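Beneath this line is the structure, given in structure tokens, with notes to follow.
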Amino acid sequence: MAANKQLAARLMPIGPQTNLEAIKIGPSRFTDDIWDLRDFIKIKAQKESLKYIKFGYIEQDALKQTAKHYAYYKLGHIKPQTVRNYINSCLPMFIEFAVENGIRSFSELTQEQFLAFNLWMKNEKKVAQQTGYRGAFIVQEIIEKGQIKGWNVPQTNILRGLSSYQLWDIKKTMKTNKTKPIPEEVFNQILYHATHDEQDILTKAGIIIQSQTGLRISEVLSIREGCVKRTADGDDYLEVTLGKTEKGNPICHKVFINELVQNAVSELSDYTKQLRKESGIKELFLIRNRGIRVLSGDGYDAYKLKSFVKRWDIRDNKGDLYHLASHQFRATFVRELVLRKVPIDMIMKQFAHVSIEMTAHYLILREEEIREIYSEMILSPESKIAGIRAGEIKQKLDGLFHGKTEAEVDGVIDDLSRTMSFNPLPTGVCLYDFRRGNCTDGDGCFFYNCPNYMTEIKFLPILKGELELLEKEMSRLKALGYEREWQKQEIKHRYLKPLVESLEVQCES
């Protein structure tokens, strides 16, 4: 997250001798118990009452002063509405605990009290996992930043060996709640029925636009009359409103589109023309429901997508109706970009983020997550792989997965992926760990006889194309009598053909 640049630029640095009465946050002073952020939170849908940071609930002066220093520091680094959430919603839990336990200053906090605070939230308050984590995280960060900035906090490392992340086991929650890409076979069904069969124009347009651009559903629903434009070079692009960017306020963003999206937008525009004429609303995703209004993202998921899946009987590999959420289109789009090795800075431009870190945060493109994409491809129970070690790997995986639930299987895959290296190749992945030194045989992957080389069924079209070209070249060399060159190609053919045949058999099964 990024700070509101206008606000960050107006924040004066605070030193030991700074007159806090002179420090201003918009129309408010540092010493005020309410900081007015209305000048910096411009989101129209945001309630006015949620544009203030309130410190009045903190009765202990030392605690309040440190909380203000923390809030002021964070205003220079993240969005003001996020800081307001930290102080108004997350910190009160600790303040309540501090009052009950006679803690008048953060400097009095001990490691035992920090642990007791976490246990108090878990056992007495019985807060949800994310709520507890946020409450603990705020206290942890106040101490860590305060020791650097010279605030009134413990000067010894009372958090040694502790972190709110570990105390609340957030890693497992994040793993479980992560938006997973749509399985390829399910995605193909969705796109086929959307383009060939679906009669509900709003459903059809939403699926096509999301699947081909990776935009959020809220961004797709923001498109308006005349949103399709053309560059001087003749390339078509779509203008959408992006609300969640590091640039702060919502911006108009341009996304290049293909013919499928262009046709979907044109059909949608014709379909809602009369509704726009009656209402004066310029957005294209309009419905007539208690008046004419723009379709909401929640409504799209709950009614449009759910009905679509049921109508066309789209099922997962267990035979159950697939539970489709609109945000999965974004994760699926990103997965395909990663697998095609599109540079991250290009993906960053597609989604209008101003830093690679933001792209990683929002699009799940960190190194760890890229590894997860490949580990799921190679290690999942449904994977269809080929390579010298493919049979050995599948046999061992079958033993590890036997009798385990889906969640337990995900855990096994996650644990295994952390012990392996996944080095993307044009036609698969190399499992060799380069930390052990250079690859012992640089041509091994090229000739497909390296035990570290693994491929998967999605690479079958590329491998088949290579095999066809290779066989044509071998025929040409044979006819010309170039025996030595033919023998070189024959070595590659000896290993490539079984790979293709293995994947073809799995494709038919």
Hits in the range 92-102 - residues which are free of Cβ contacts under 8 Å to residues at least 40 places away in the same chain, hydrophobic (A, V, I, L, M, F, W, C) and closer than 20 Å to Lys145 by Cα: Ile95, Ala98
Test for Phe55: is it in the same structural domain as Lys122 (by TED's automatic domain parsing), hydrophobic (A, V, I, L, M, F, W, C), in contact (Cβ under 8 Å) with a residue 40 or more places away in the chain and at negative phi: no
Residue that is nearest to the chain's Cα centre (by Cα) [pool: residues in the range 109-129 that are touching a residue at least 40 places away in the same chain (Cβ under 8 Å) and surrounded by 13 or more Cβ atoms within 10 Å (Cβ to Cβ)]: Gln129
Members of the range 23-49 found to be modelled with pLDDT of 90 or more, loosely packed, with under 14 Cβ neighbours inside 10 Å and not in a loop (DSSP other than H, G, I, E, B), listed by number: Arg29, Ile34
Helices (runs of 4 or more DSSP H) wholly inside the range 345-408 that include at least 1 residues being more than 15 Å from Phe422 (Cα to Cα), outside the structural domain of Gln210 (by TED's automatic domain parsing) and at pLDDT below 85: 356-363
Close pairs from the range 15-41: first at negative phi and assigned by TED's automatic domain parsing to the domain that holds Glu59, partner among the acidic types (Asp, Glu) and surrounded by fewer than 14 Cβ atoms within 10 Å (Cβ to Cβ), Cβ under 9 Å, at least 6 apart: Arg29/Glu21; Phe30/Glu21; Thr31/Glu21; Arg38/Glu48
Flag if Trp168 is crowded, with 19+ Cβ neighbours inside 10 Å and in contact with a His (Cβ under 7 Å, 6 or more places away or on another chain): no
Some residue of the range 50-59 being of a type in the set (A, V, I, L, M, F, W, C) and surrounded by fewer than 16 Cβ atoms within 10 Å (Cβ to Cβ): yes
Among residues of the range 465-484, those that are charged (D, E, K, R) and at pLDDT below 90, counted: 1
Pairs, first assigned by TED's automatic domain parsing to the domain that holds Ile143 and free of Cβ contacts under 8 Å to residues at least 40 places away in the same chain in the range 70-82, second β-branched (Val, Ile, Thr) and not in a loop (DSSP other than H, G, I, E, B), C-beta under 9 Å, six or more apart: Ala71/Ile25; Ala71/Ile53; Ala71/Val83; Ala71/Ile87; Lys74/Thr82; Lys74/Val83; Lys74/Ile87
Pairs with Cβ under 6 Å, 6+ apart, first in the range 138-153 and under 9 Å from His69 (Cβ atoms), second in a helix (DSSP H, G or I) and among the polar types (S, T, N, Q): Trp151/Thr66; Asn152/Thr66; Asn152/Ser107
All helices (runs of 4 or more DSSP H) inside the range 245-332 with 3 or more residues being of a type in the set (Ser, Thr, Tyr) and either in contact (Cβ under 8 Å) with a residue 12 or more places away in the chain or surrounded by 15 or more Cβ atoms within 10 Å (Cβ to Cβ) (or both): 259-271
Close pairs (7 angstrom Cβ cut-off, 6 or more residues apart or separate chains): farther than 14 Å from Met377 by Cα and without any contact (Cβ under 8 Å) to a residue 24 or more places away in the chain in the range 404-418, surrounded by 15 or more Cβ atoms within 10 Å (Cβ to Cβ) and of a type in the set (Val, Ile, Thr) anywhere: Lys404/Val412
Residues being in contact with a helix residue (DSSP H, G or I) (Cβ under 6 Å, 6 or more places away or on another chain), more than 13 Å from Ser105 (Cα to Cα) and part of a helix (DSSP H, G or I) - total across the range 50-72: 2
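The values are calculated or read from the model by the stated rules, or taken from the named source; none is laboratory data. For clarity, every value in this text was computed on a predicted model and none was experimentally measured. Here Cβ is always computed from backbone atoms with ideal geometry, including for glycine, and neighbour counts include all displayed protein chains.
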